[in-house]
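Heads up: the structure comes next, in structure tokens.
The values are calculated or read from the model by the stated rules, or taken from the named source; none is laboratory data. This one's a predicted model, so the numbers in the text were calculated from it and none came from an experiment. FYI the Cβ positions are ideal-geometry reconstructions off the backbone, even for glycines, and counts take in every protein chain you see.
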Amino acid sequence: MSESLFQNVIVTRAQQDRLRVILAHPENLPLWDDEIIQVIPTTNGEVQLTRRPPALNEHEWVTVTTTTDQISYRSHGGRLAYELVFTLTGATLTEDLRITRTSAIPIPLRLLAPIAKQAFAQKLQALIALAESIREVIA
């Protein structure tokens with residue numbers, strides 16, 4: 001069972017195909033999330049992410065799944081297990097952070113939500129800037 005912690009919505013001029021490529025390849029994460037310092041593919045199809053400390057999840061394992069209009073990152077192995085779902089609809093990109101498990105979180109989720117929402121909104125803006133640019137990405 002998961003609980004939606006927050007949702008961010010942004011309008012973009014980027015092509016949906018480019019957004020899908022960027023999001024479907026987690027190796028692109030450091031291009032738009034400056035906290036991620038390492039992305040290591042594993043043999044079981046996941047990627048191991050390492051973030052700059054201090055971070056709620058300094059290390060975690062992520063599985064990426066894609067459908068026609070959604071890209072989902074399912075994380076485990078950190079203090080906060082979550083699913084981050086990106087939905088592409090026309091010129092709109094929506095991200096929905098769903099909490100799947102918490103352990104050893106130093107503050108209540110209701111206090112974490114507005115802080116996380118703002119941080120994720122900044123990363124979403126960086127993602128859109130990358131998608132709207134001509135910068136090369138991993139495909």
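Tabulated results
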read-out: Single condition LEU112 does not satisfy, out of (1) over 26 Å from GLU27 (Cβ atoms); (2) hydrophobic (A, V, I, L, M, F, W, C); (3) free of Cβ contacts under 8 Å to residues at least 24 places away in the same chain; value: (3)
read-out: ILE107 vs. criteria out of contact with any His (no Cβ under 7 Å at 6 or more places or on another chain), loosely packed, with under 14 Cβ neighbours inside 10 Å and either small (Gly, Ala, Ser) or assigned to a loop (DSSP other than H, G, I, E, B) (or both); value: yes
read-out: Only listed residue being under 28 Å from GLU132 (Cβ atoms), over 12 Å from the mean Cα position of the chain (by Cα) and either surrounded by fewer than 18 Cβ atoms within 10 Å (Cβ to Cβ) or modelled with pLDDT of 95 or more (or both), chosen from THR94, THR63, THR50, THR102; value: THR50
read-out: Top-ranked residue in the stretch 24-46 [being of a type in the set (A, V, I, L, M, F, W, C) and part of a strand (DSSP E or B); ranked as farthest from LEU130 (Cα to Cα)]; value: ILE40
read-out: Single residue of the stretch 1-23 satisfying the filter (part of a loop (DSSP other than H, G, I, E, B) and of a type in the set (A, V, I, L, M)) that is surrounded by the most Cβ atoms within 10 Å (Cβ to Cβ); value: ALA14
read-out: Criterion: part of a loop (DSSP other than H, G, I, E, B) and among the hydrophobic types (A, V, I, L, M, F, W, C) - qualifying residue of ALA81, ALA131, ALA139, ALA116; value: ALA139
read-out: Residue match in the stretch 68-88 (condition: surrounded by 13 or more Cβ atoms within 10 Å (Cβ to Cβ) and of a type in the set (Lys, Arg)); value: yes
